[in-house]
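Beneath this line is the structure, given in structure tokens, with notes to follow.
The values are calculated or read from the model by the stated rules, or taken from the named source; none is laboratory data. Quantities reported herein were computed from a predicted structural model and do not represent experimental measurements. Here the Cβ positions follow ideal geometry from the backbone for every residue, glycine too, while neighbour counts run over all protein chains shown. All accessible areas refer to the heavy atoms of the entire protein, side chains included, with ligands and DNA or RNA removed. Shrake-Rupley method; radii C 1.70, N 1.55, O 1.52, S 1.80 Å.
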Amino acid sequence: MKRTCPLLSVQPIRGLVDEKFQFVVTNLPPDQKVTLHSLHQSDDKDFWEAFGHYVSDEHGSVTGAYYRFKHESLGGTYEGTEPMGLLWSMRPIPGSRHGLRLRKRDIVRPMEVCISVYSGHLSQGFSQQTPLATSVTERWYVAPGVKRVNIREKEIRGTLFLPPGSGPYPGVLDLWGAGGGLVEYRSALLASHGFASMALEYLAPEDLRLEDTDASYFEKAYQILKNHPMVKKDHLAVVGLCLGSAITLSMVSYSKVIKCCVCISGSHLMPVDKSLSEFFEEMKNHLLKCTQVGRIKCPLLLVNGDDDQILPAVESAEDMAMMMEKSGNRHLLEILTYPDAGHLIEPPYSPHFRATNFKLECTKERIVMLWGGQTKPHAYAQEDAWKKILAFLWQHLSAPVTSF
């Protein structure tokens, strides 16, 4: 019989990071053990990998897909019918620096993932082996036509992402946590789904001290977003993670114009009603009080993992529900709690990190931060939460669903 080479197809070759892909390996001998392996070099030049162990069927094929004909990974960094495990179970390759976290810094370039198939069930030494077949897929945070606009106005530092077209669009102010820096990838992805999203840098941006970053800083950023000609002035939301959630709750407790807000892994026990330097000082002295969530007049979505090792997010959500019940606004609150998910609930298929290196902004100390979570349930939480966050924003910002 004529011998044929194994073939590997990955589809789509190019797509958004929250879009599922599938792979098909053909031209294998029946019942052959193979390993599907993914490899990515981060913007920090570190290499990340994941792999699954498969056995070809009687037709000499292995299919990782989300329709009827599919195969299970029998081992590796993930198991089951989970082709996206090639992304969400990624980890640094052996010999890498300790405490790494995979984050996209240059969002105008794709995340390139090399997917290969190897003979046998391998768990290490991939670089010393020759793959049977290889394919490269591009994962993008920005859809075609999304515009990136630098914001440098009234000491505000941020980036505004605008969807394709003439607009105007519903607006989202995007606040990350206490790690600092300008984190753009979630805003870019929100713009890829039809929102004008502004990522805000607020922990000691250039030419601004923590002592000068108070509630007025966020109000000014909010006004810049609101007054942009491509933004619907009366269709605005705020999305926050961790410290960003605390700021979000403080903002919406007094705002009459924010239509809805999403708080991921946050707590009402951290009201940001002073400068950030005073906030961090109170954190050290354990003097924090509760945000008055009974004042909230807009729909609020809380997204939490019950293995969050940073904040008592689940308990805070329960307390907030009771406070809002007493205040008569409990109907505005929706709570998503995910079993065995940790603190860092990010866009879908982002690798899970139970612990990483971290710099404490309040003391400048570098530590290893325990975030919590178990890999597979955390991956499920990220996928499910993202769908529900987008649906929540569209519902309350009164905009039609848009897809790219």
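When you check SER166 against the structure, is it more than 17 Å from ARG105 (Cα to Cα), polar (S, T, N, Q) and part of a loop (DSSP other than H, G, I, E, B), yes or no? Answer is yes for this residue. With (1) under 21 Å from the mean Cα position of the chain (by Cα); (2) assigned to a helix (DSSP H, G or I) as the list, and GLY373 as the residue in question, which single condition is left unmet? Tallying (1) under 21 Å from the mean Cα position of the chain (by Cα); (2) assigned to a helix (DSSP H, G or I), GLY373 fails exactly one: (2). Just one of the numbered conditions (1) closer than 14 Å to LEU241 by Cβ; (2) at pLDDT 95 or above; (3) open to solvent by 20 Å² or more (accessible area, probe 1.4 Å); (4) of a type in the set (A, V, I, L, M) is not true of ALA178: (2).
Against the definition (open to solvent by 50 Å² or more (accessible area, probe 1.4 Å) and modelled with pLDDT of 95 or more), how does ILE389 come out, yes or no? Don't jump to the end; show me each part of the working.
Numbers: open to solvent by 50 Å² or more (accessible area, probe 1.4 Å): no; modelled with pLDDT of 95 or more: yes.
No; evaluated as a whole, the condition is false for this residue.
Close contacts from the range 35-46, counting a first residue that is within 15 Å of PRO351 (Cα to Cα) and aliphatic (A, V, I, L, M) and a second that is open to solvent by less than 60 Å² (accessible area, probe 1.4 Å) and part of a strand (DSSP E or B), with Cβ to Cβ under 6 Å and a gap of 6+ residues or different chains, come to LEU39/GLU49; LEU39/CYS114.
Given the options LEU336, LEU332, name the one that is buried (at least 20 other Cβ atoms within 10 Å of the Cβ) and at pLDDT 95 or above. Working first, answer last.
Working: LEU332 fails: buried (at least 20 other Cβ atoms within 10 Å of the Cβ).
Matching residue, one of LEU336, LEU332: LEU336.
ILE335: assigned by the TED database to the domain that holds MET369, closer than 15 Å to VAL262 by Cα and among the β-branched types (Val, Ile, Thr), yes or no? Here the answer is yes, as ILE335 does meet what is asked. Residues in the range 20-36 that are open to solvent by 70 Å² or more (accessible area, probe 1.4 Å) and more than 26 Å from GLN124 (Cβ to Cβ): LYS20, PRO30.
For the range 306-329, state whether one or more residues are more than 30 Å from PHE353 (Cβ to Cβ), over 20 Å from the mean Cα position of the chain (by Cα), polar (S, T, N, Q) and at pLDDT below 85. No; the residues of the range 306-329 include none that is more than 30 Å from PHE353 (Cβ to Cβ), over 20 Å from the mean Cα position of the chain (by Cα), polar (S, T, N, Q) and at pLDDT below 85. The residues listed here are LEU249, LEU173, LEU225, LEU189; of these, the one that is assigned to a strand (DSSP E or B) and either open to solvent by less than 40 Å² (accessible area, probe 1.4 Å) or of a type in the set (Val, Ile, Thr) (or both) is LEU173.
Of the residues that make up the range 64-75, is at least one charged (D, E, K, R), at pLDDT 95 or above and surrounded by 14 or more Cβ atoms within 10 Å (Cβ to Cβ)?
Within the range 64-75, not a single residue is charged (D, E, K, R), at pLDDT 95 or above and surrounded by 14 or more Cβ atoms within 10 Å (Cβ to Cβ).
All told, VAL117 falls short of being open to solvent by less than 30 Å² (accessible area, probe 1.4 Å), within 23 Å of SER192 (Cα to Cα), touching a strand residue (DSSP E or B) at 6+ places or on another chain (Cβ under 7 Å) and not assigned by the TED database to the domain that holds HIS352.
In the range 207-222, of all residues being at pLDDT 60 or above and assigned to a helix (DSSP H, G or I), the one that is surrounded by the fewest Cβ atoms within 10 Å (Cβ to Cβ) corresponds to SER216. Filtering VAL25, VAL17, VAL62 for residues that are farther than 17 Å from VAL136 by Cα and not assigned by the TED database to the domain that holds ALA188 leaves a single hit, VAL62.
When each of GLY125, GLY99, GLY80, GLY95 is tested for being surrounded by 15 or more Cβ atoms within 10 Å (Cβ to Cβ), on the phi > 0 side of the Ramachandran plot and outside the structural domain of ASN357 (by the TED database), the lone residue that passes is GLY99.
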